[in-house]
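Q: Sharing a structure below in structure tokens format, with a few things to ask.
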Amino acid sequence: MWRAEVPLVEPIEYYILLNSTDGERFAVLNTSENPFFTFDGVDRFPQLEWVSNGITYQIFPDRFNDGNRSNNVLALDHDELLLNQVNPGKPILSDWSDPITPLHCCHQYFGGDIAGITEKLDYLRSLGITIIYLNPITLSGSAHGYDTYDYYRLDPKFGTEEELREFLDEAHRRGIRVIFDFVPNHCGIGNPAFLDVWKNGNGSPYWDWFFIKQWPFKLGDGNAYVGWWGIGSLPKLNTANPEVREYLIGAALHWLDFGFDGIRVDVPNEILKPGEFFPELRERVKERHPEAYLVGEIWTLSPEWVQGDRFDSLMNYALGRDILLNYAKGLLSGEAAMKMMGRYYASYGENVVVMGFNLISSHDTSRILTDLGGGSLGIHRRTSPSRGSSSCRRSSIPSRERR
Ligand SMILES: [Ca+2]
């Protein structure tokens, strides 16, 4: 790798010309439609050192560690199946070593909680972890937590605010920062604003918070109102409404004020009027917490999201999965992978690249171990005759649809 600093003050298009000592010359060109690389020479926002030097560990709170068994049963109080009038059912509370059931994605609980993460902080530190990314922890109706009932309240199944405070303090004491998952695009059917609309129709002060197609409706009916990917348990919020923006951005600020260090934003590309919502979110977050990290769940190579008015960086599946994983699986040649990486690094400012959330797998994908042919996902250790047997219970539905 060669590195050169070029003094410049305005955007340029360029290519690289290599002269070898034996007189050979060849050009390195961009691999996209335009053969030239573009560089605008401007880092529009500061780098956060704690991010650019960080190593992140993702925790799905229900499944990491159960530190307080007394809160486990609380998961059953407010599960979405109890409210859903179209697909009613009963949630399951399992012991830690129980096998998964068909409800494992959303309504089978294992009791993991905040106290359990606190217990493991020394272990995480020993791995070199400096950042923890938590999947949603606010009150919701599911094990995944993406159907928020109350953006301002810690889900009691994960513990008390005192336990959360202790976790953050203990993490910070060890030099570990914590970012939370923020889901502004849609809420859950147990959200009080949505329940008010369900009860009172257009007499509700929250009528314009949602997109209701027919009223009265049954809770969970994805045909009666707009939901995320048409899913009735995830009513879409109207972020073009200033009241909704205030409610959501207020929640983001609330948890940063509480002591979190950054925010991972769920499906920002699906938010209504992103050009209004995200600049407002960024401005108000950075004004109060200039060191807070804002990372967006954007899966593709998308420089337009990191121009200084939205995110510090993106969840870089474009690097981790599209390039590294495909190379590891033998689907990309080394040369093709290098070309894609060249294009990737030429597309973002240096500050964006170093703050990249460079994951290969997450709760939204198969895990890297599975992708590469290992692991035994869905096969219970005590009953499994062998790895990879036909007893695998893994659903064939992509995880993002199951949410
Ligand atoms: Ca517990």
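Q: Right, ARG310: of a type in the set (D, E, K, R), modelled with pLDDT of 95 or more and in a helix (DSSP H, G or I) or not? Lay out the reasoning, then the answer.
A: On the way: of a type in the set (D, E, K, R): yes; modelled with pLDDT of 95 or more: yes; in a helix (DSSP H, G or I): no.
Considered against the rule, which asks whether it is of a type in the set (D, E, K, R), modelled with pLDDT of 95 or more and in a helix (DSSP H, G or I), ARG310 comes out as no.
Q: Looking at region 29-42, can you tell me whether even one residue there is within 16 Å of the ligand (Cβ to nearest atom) and touching a Gly at 6+ places or on another chain (Cβ under 9 Å)? Don't jump to the end; show me each part of the working.
A: Of all residues in region 29-42, those within 16 Å of the ligand (Cβ to nearest atom) come to none.
Within region 29-42, not a single residue is within 16 Å of the ligand (Cβ to nearest atom) and touching a Gly at 6+ places or on another chain (Cβ under 9 Å).
Q: Let me ask something else about it. I need every pair where a residue in region 175-190 that is polar (S, T, N, Q) and modelled with pLDDT of 95 or more has its Cβ under 7 Å from the Cβ of a residue that is open to solvent by 10 Å² or more (accessible area, probe 1.4 Å) and not in a loop (DSSP other than H, G, I, E, B), sequence separation at least 6 or different chains.
A: The qualifying pairs are ASN185/LYS236; ASN185/GLU270.
Q: What are the residues in region 63-72 that are part of a helix (DSSP H, G or I) and more than 9 Å from the ligand (Cβ to nearest atom), if any? I'd like the intermediate steps shown before the answer.
A: Start the filter on region 63-72 by keeping residues that are part of a helix (DSSP H, G or I), which leaves 63, 69-72.
Matches in region 63-72: ARG63 only.
Q: Which one is farthest from ARG165 (Cα to Cα) among residues in region 77-135 that are aromatic (Phe, Trp, Tyr) and in contact (Cβ under 8 Å) with a residue 12 or more places away in the chain?
A: At the first step, the residues of region 77-135 found to be aromatic (Phe, Trp, Tyr) are 96, 109-110, 123, 133.
Retained after the next criterion (residues that are in contact (Cβ under 8 Å) with a residue 12 or more places away in the chain): 96, 109-110, 133.
On the way: TRP96: 25, TYR109: 23, PHE110: 22, TYR133: 16 Å.
Ranking the qualifying residues of region 77-135, first place goes to TRP96.
Q: Starting from residues that are within 16 Å of the ligand (Cβ to nearest atom) and aliphatic (A, V, I, L, M), keep the ones in region 150-189 and report whichever is surrounded by the fewest Cβ atoms within 10 Å (Cβ to Cβ).
A: Of region 150-189, the ones within 16 Å of the ligand (Cβ to nearest atom) are 154-164, 166-167.
Remaining after also requiring aliphatic (A, V, I, L, M): 154, 164.
Numbers: LEU154: 18, LEU164: 23.
Across region 150-189, the extreme among qualifying residues is LEU154.
Q: Check ASP257, ASP221, ASP196, ASP261 and return the single one that is in contact with a strand residue (DSSP E or B) (Cβ under 7 Å, 6 or more places away or on another chain) and of a type in the set (Asp, Glu). Don't jump to the end; show me each part of the working.
A: Working: ASP257 fails: in contact with a strand residue (DSSP E or B) (Cβ under 7 Å, 6 or more places away or on another chain); ASP221 fails: in contact with a strand residue (DSSP E or B) (Cβ under 7 Å, 6 or more places away or on another chain); ASP196 fails: in contact with a strand residue (DSSP E or B) (Cβ under 7 Å, 6 or more places away or on another chain).
Only one candidate passes the filter, namely ASP261.
Q: Same structure, new question: Quickly run through region 206-241 and pick out the residues that are closer than 22 Å to PRO274 by Cβ, surrounded by 14 or more Cβ atoms within 10 Å (Cβ to Cβ) and either among the acidic types (Asp, Glu) or without any contact (Cβ under 8 Å) to a residue 12 or more places away in the chain (or both).
A: Matches in region 206-241: ASP208 only.
Q: Since GLY112 meets every condition but one in (1) closer than 29 Å to ASN53 by Cβ; (2) in a loop (DSSP other than H, G, I, E, B); (3) away from the ligand (no atom under 16 Å from the Cβ); (4) open to solvent by less than 20 Å² (accessible area, probe 1.4 Å), which condition does it not meet?
A: (3) is the only condition that GLY112 fails.
Q: Follow-up. For region 24-41, indicate whether the set of residues that are touching a Pro at 6+ places or on another chain (Cβ under 8 Å), open to solvent by 60 Å² or more (accessible area, probe 1.4 Å) and touching a residue at least 24 places away in the same chain (Cβ under 8 Å) is non-empty. Spell out the reasoning first.
A: Kept after step one, since they are touching a Pro at 6+ places or on another chain (Cβ under 8 Å), are these residues of region 24-41: 29, 38-41.
Keeping just the survivors that are open to solvent by 60 Å² or more (accessible area, probe 1.4 Å) gives 29, 38-39.
Okay, now just the ones that are also touching a residue at least 24 places away in the same chain (Cβ under 8 Å), so 38-39.
Yes, some residue in region 24-41 is touching a Pro at 6+ places or on another chain (Cβ under 8 Å), open to solvent by 60 Å² or more (accessible area, probe 1.4 Å) and touching a residue at least 24 places away in the same chain (Cβ under 8 Å).
Q: Of everything in region 75-94 that's within 16 Å of the ligand (Cβ to nearest atom) and open to solvent by 60 Å² or more (accessible area, probe 1.4 Å), which residue is farthest from LEU121 (Cα to Cα)? Before the answer, list the steps.
A: First pass over region 75-94, keeping only residues within 16 Å of the ligand (Cβ to nearest atom): 75-79, 91-94.
Next cut, open to solvent by 60 Å² or more (accessible area, probe 1.4 Å) only: 77, 93.
Details: ASP77: 29, LEU93: 26 Å.
Among those residues, the one meeting the criterion is ASP77.
Q: Scan region 243-252 and give yes if some residue there is of a type in the set (Phe, Trp, Tyr) and in the same structural domain as ASP169 (by TED's automatic domain parsing), otherwise no. Let's see the steps before the verdict.
A: Taking region 243-252 as the starting set, the residues that turn out to be of a type in the set (Phe, Trp, Tyr) are 247.
So of that shortlist, the ones also in the same structural domain as ASP169 (by TED's automatic domain parsing) come out as 247.
Checked region 243-252: at least one residue is of a type in the set (Phe, Trp, Tyr) and in the same structural domain as ASP169 (by TED's automatic domain parsing).
Q: Regarding SER347, is this residue buried (at least 18 other Cβ atoms within 10 Å of the Cβ) and in contact with a Gly (Cβ under 6 Å, 6 or more places away or on another chain)? Before the answer, list the steps.
A: Numbers: buried (at least 18 other Cβ atoms within 10 Å of the Cβ): yes; in contact with a Gly (Cβ under 6 Å, 6 or more places away or on another chain): no.
Answer is no for this residue.
Q: Spot the failing condition for ALA336; the list is (1) farther than 30 Å from GLU283 by Cα; (2) among the aliphatic types (A, V, I, L, M); (3) in a loop (DSSP other than H, G, I, E, B), and only one is missed.
A: The number of the failed condition is (3).
Q: A follow-up question, please. Please count how many residues of region 97-149 are out of contact with any helix residue (DSSP H, G or I) (no Cβ under 9 Å at 6 or more places or on another chain) and on the phi > 0 side of the Ramachandran plot.
A: 1
Q: Oh, and also: Consider only pairs whose beta carbons are under 6 Å apart and that are at least six residues apart or on different chains; among these, list those whose first residue lies in region 148-159 and is farther than 16 Å from LEU195 by Cβ and whose second residue is of a type in the set (Gly, Ala, Ser) and within 13 Å of the ligand (Cβ to nearest atom).
A: Qualifying pairs under 6 Å: LYS157/ALA75; GLY159/ALA115.
Q: Answer yes if at least one residue in region 123-133 is within 14 Å of the ligand (Cβ to nearest atom), part of a helix (DSSP H, G or I), open to solvent by 50 Å² or more (accessible area, probe 1.4 Å) and assigned by TED's automatic domain parsing to the domain that holds LEU168, and no otherwise. Give the steps one after another, and end with the answer.
A: First, pick out the residues of region 123-133 that are within 14 Å of the ligand (Cβ to nearest atom): none.
No.
Q: Given the conditions (1) within 14 Å of the ligand (Cβ to nearest atom); (2) farther than 15 Å from HIS78 by Cα; (3) surrounded by 19 or more Cβ atoms within 10 Å (Cβ to Cβ), which single one is not true for ILE137?
A: Tallying (1) within 14 Å of the ligand (Cβ to nearest atom); (2) farther than 15 Å from HIS78 by Cα; (3) surrounded by 19 or more Cβ atoms within 10 Å (Cβ to Cβ), ILE137 fails exactly one: (2).
The values are calculated or read from the model by the stated rules, or taken from the named source; none is laboratory data. Since the model is a prediction, treat every value here as computed from it, not as a measurement. Here the Cβ is made from the backbone with ideal geometry for all residues, glycine too, and neighbour counts use every protein chain on show. What goes into the accessible areas is simple: the full protein's heavy atoms, side chains included, and nothing from ligands, DNA or RNA. Shrake-Rupley method; radii C 1.70, N 1.55, O 1.52, S 1.80 Å.
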